[in-house]
1. What are the residue pairs meeting all of these: first residue in segment 1-21, first residue more than 18 Å from H58 (Cα to Cα), second residue open to solvent by less than 40 Å² (accessible area, probe 1.4 Å) and at pLDDT below 70, Cβ atoms under 6 Å, and 6 or more apart or on different chains?
2. Looking only at segment 24-59, how many residues end up being part of a helix (DSSP H, G or I) and either surrounded by 10 or more Cβ atoms within 10 Å (Cβ to Cβ) or not small (G, A, S) (or both)?
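The values are calculated or read from the model by the stated rules, or taken from the named source; none is laboratory data. Since the structure is predicted, the reported quantities are computational estimates derived from the model, not experimental observations. All Cβ positions, even for glycine, are placed from backbone atoms using ideal geometry, and neighbour counts span all protein chains on display. These accessible areas exclude ligands, DNA and RNA; they are computed on the full protein's heavy atoms, side chains included. Shrake-Rupley method; radii C 1.70, N 1.55, O 1.52, S 1.80 Å.
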Amino acid sequence: GLIGSVLAKALGDHHARHLEDQIDRGGLLLWVRVRDAAKEERAVGILRKFSAEQVHVHGLRPEAQEE
């Protein structure tokens, strides 16, 4: 419940319900932050190599990025 409410505020209700459902079924929620496209490609490749079923890439809004 707590995870769902935190995710709902951060991601919106639809995404939060989906993520909560995945966690309830034993899934693992993992965020990986990378600094450039090459590292993003490498991270996605590693996750897929080790059987990650749903890998999504999202960009940060400019005001959310740290320098």
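1. E20/G4
2. Adding up the residues that qualify gives 12.
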